[in-house]
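The values are calculated or read from the model by the stated rules, or taken from the named source; none is laboratory data. Note that the structure is a prediction, hence the values are computed from the model and not measured. All Cβ positions, even for glycine, are placed from backbone atoms using ideal geometry, and neighbour counts span all protein chains on display.
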Amino acid sequence: MKALSKTRPCVWIAVGTLCATMVAMTAPAVAADWPQFRGPGGRGVSTEPEFPVRWDRRTNVRWRTPLPGPGNGSPIAVRGRVLLNQANKDGTRRSLMCFDRRDGKLLWERTVAFDRVEKTHQTNPYESPTPASDGTRVVTWHGSAGLFCYDLNGDLQWQIDLGDVHHIWGYASSPIIHDGRVFQQFGPGVETFMAAVDLKTGKLLWKTDEPGGANDRNPRMVGSFGTPVIVEVDGRPQLIAAMPTRVVAYDPDTGAILWTCRGLSSPRGDLVYTSPVVAGDILIVMAGYKGPAMAIRLGGNRGDVTKTHRLWITEDGQPQRIGSGVAVGPFVYIANAGPGIIQCLEAATGKVRWQARMPGGNAWASMIYAGGLLYSTDQSATTYVYKADPDAFRLVATNALNEPCNATPAFSDGEIFIRTHAALYCISGKSRTPTAP
């Protein structure tokens, strides 16, 4: 573990329509908020009882707000606001945008001017990370431009330079917040590491390097684009991440590595796009580019637990996985990016209980369990709603918006916020006005 030494100034540009006299919010995030990627705790689960089941571009759309360009970053919903990342085509302007959830109007936009055009893939526009909030502050990672924190009125609180991200496919990992700390999985690139930053001050608390980054001398495709999760194990929180070749669990207080589990490498590369999925005391991790999937028993983990705690691993014939799955009881449901199939797996064994082809094609969005139903959004912004039934695929509704989409919806206060390449949607069956910002 080591501290960062270099700093790099960035040009910060404020654009907004929010009244300057508004009192800053100080209350914590409320139960109905969706404060980070994959929602509360990063599990892809909402505990609210009801959400819209059927919609199209004319039905159950409260509002549709056009966006200035495509993006894969997902929205969050916090204290009457909906926030997402946005960039211009060449990534020289990287922004956090904040909208009023009542009507979709832009409240403010904060933009960082970046002086270089970096590599990325045409399917992964700049600004793929999702912001995170504790209900008072919002943190967003602009890749090489830095990690930034604002209050909910858009006032800059701090910024920190974590270094440059260099990868031909860009960057995508999202920050998460826990116990007054921001955790950022950094990479892919020459450097890959996990970092903890103080939420109030922006001070770097620790940095733990991960060996084996991508570089010009390494012909393999290497990188992890996933987002870590906080899991309580043996009565204490652990920060768990799927790195390019292995799963790593960190002590959130110190950054010390508690345990690791090997198995994510494949002949095609060391690539991970999904985030870990927790099903009781079982952790499921899945590599990308048709790489392996495996499960680890949590509890008593120390050191390299590959031989002692890995329950199963499947290496051959895997689909391409980009969006993360969701656990419902002892089963994991996931929509794949190629071929376009939805699967139900047993968490304890890895056995595929069933799989069904999505009529609209592949999915990059992560699966969500909300209102007692599963929601899967494909790359044409068609959302399939179906029952969490481990015995068969039971489709309830098919909801088409007919726009390119790679982002995961946010589920908050009975409403669904969907980010496409063209617009931000509020899907709602409510007649009442949501809480004002």
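Free of Cβ contacts under 8 Å to residues at least 60 places away in the same chain and not assigned by TED's automatic domain parsing to the domain that holds Ser46: is that true of Gly299 in this structure?
So Gly299 fails the test.
Taking the listed residues Gly269, Gly288, the one that is farther than 11 Å from Arg246 by Cβ, buried (at least 22 other Cβ atoms within 10 Å of the Cβ) and at pLDDT below 95 is Gly288, with no other qualifying.
Note on segment 291-307: residues that are crowded, with 18+ Cβ neighbours inside 10 Å and touching a helix residue (DSSP H, G or I) at 6+ places or on another chain (Cβ under 6 Å) total 2. Is at least one residue of segment 12-19 under 27 Å from Pro252 (Cβ atoms), of a type in the set (A, V, I, L, M) and at pLDDT below 95? No, because not a single residue in segment 12-19 is under 27 Å from Pro252 (Cβ atoms), of a type in the set (A, V, I, L, M) and at pLDDT below 95.
Against the numbered list (1) at pLDDT 95 or above; (2) in contact with a His (Cβ under 9 Å, 6 or more places away or on another chain); (3) surrounded by fewer than 21 Cβ atoms within 10 Å (Cβ to Cβ), Ala256 comes up short only at (2).
Condition test on Gln184, is it assigned to a strand (DSSP E or B) and either in the same structural domain as Ala293 (by TED's automatic domain parsing) or in contact with a Cys (Cβ under 8 Å, 6 or more places away or on another chain) (or both)?
When the stated conditions are applied, Gln184 does not pass them.
Residue-wise test of (1) surrounded by fewer than 21 Cβ atoms within 10 Å (Cβ to Cβ); (2) in contact with a strand residue (DSSP E or B) (Cβ under 8 Å, 6 or more places away or on another chain); (3) assigned to a loop (DSSP other than H, G, I, E, B); (4) modelled with pLDDT of 95 or more.
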| position | (1), (2), (3), (4) |
| --- | --- |
| Gly104 | yes, yes, yes, yes |
| His121 | yes, no, yes, no |
| Tyr126 | no, yes, yes, no |
| Gly135 | yes, yes, yes, yes |
| Val139 | no, yes, no, yes |
| Phe148 | no, yes, no, yes |
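Of note, Gly340 does not satisfy the criterion of being surrounded by fewer than 24 Cβ atoms within 10 Å (Cβ to Cβ), of a type in the set (Gly, Ala, Ser) and closer than 19 Å to Val53 by Cα. Among the listed residues Ser366, Ser380, which satisfies the condition of being outside any strand (DSSP E or B), polar (S, T, N, Q) and either in contact with a Cys (Cβ under 9 Å, 6 or more places away or on another chain) or more than 14 Å from Ser46 (Cα to Cα) (or both)? Answer to the selection: Ser380.
Do the conditions hold for Trp55, that is, is it among the aromatic types (Phe, Trp, Tyr), buried (at least 21 other Cβ atoms within 10 Å of the Cβ), farther than 18 Å from Phe148 by Cβ and modelled with pLDDT of 95 or more?
yes
Residue-by-condition table, conditions (1) assigned to a loop (DSSP other than H, G, I, E, B); (2) within 20 Å of Ala32 (Cβ to Cβ); (3) not basic (Lys, Arg):
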{"position": "Gly350", "(1), (2), (3)": "yes, no, yes"}
{"position": "Tyr375", "(1), (2), (3)": "no, yes, yes"}
{"position": "Tyr386", "(1), (2), (3)": "no, no, yes"}
{"position": "Asp391", "(1), (2), (3)": "yes, no, yes"}
{"position": "Ala397", "(1), (2), (3)": "no, no, yes"}
{"position": "Asn402", "(1), (2), (3)": "yes, no, yes"}
{"position": "Asn406", "(1), (2), (3)": "yes, no, yes"}
{"position": "Gly429", "(1), (2), (3)": "yes, yes, yes"}
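Of the strands (runs of 3 or more DSSP E) lying entirely inside segment 277-335, those containing at least 1 residues that are over 14 Å from Val233 (Cα atoms) and more than 17 Å from the chain's Cα centre (by Cα) are 293-297, 310-314, 326-328, 331-335.
Taking the conditions (1) crowded, with 18+ Cβ neighbours inside 10 Å; (2) closer than 24 Å to Val285 by Cα; (3) touching a residue at least 40 places away in the same chain (Cβ under 8 Å); (4) not small (Gly, Ala, Ser) in turn, Cys426 satisfies each one other than (2).
Does Tyr375 satisfy the condition of being crowded, with 24+ Cβ neighbours inside 10 Å and touching a residue at least 24 places away in the same chain (Cβ under 8 Å)?
Details: crowded, with 24+ Cβ neighbours inside 10 Å: yes; touching a residue at least 24 places away in the same chain (Cβ under 8 Å): yes.
Against the criterion (crowded, with 24+ Cβ neighbours inside 10 Å and touching a residue at least 24 places away in the same chain (Cβ under 8 Å)), Tyr375 qualifies.
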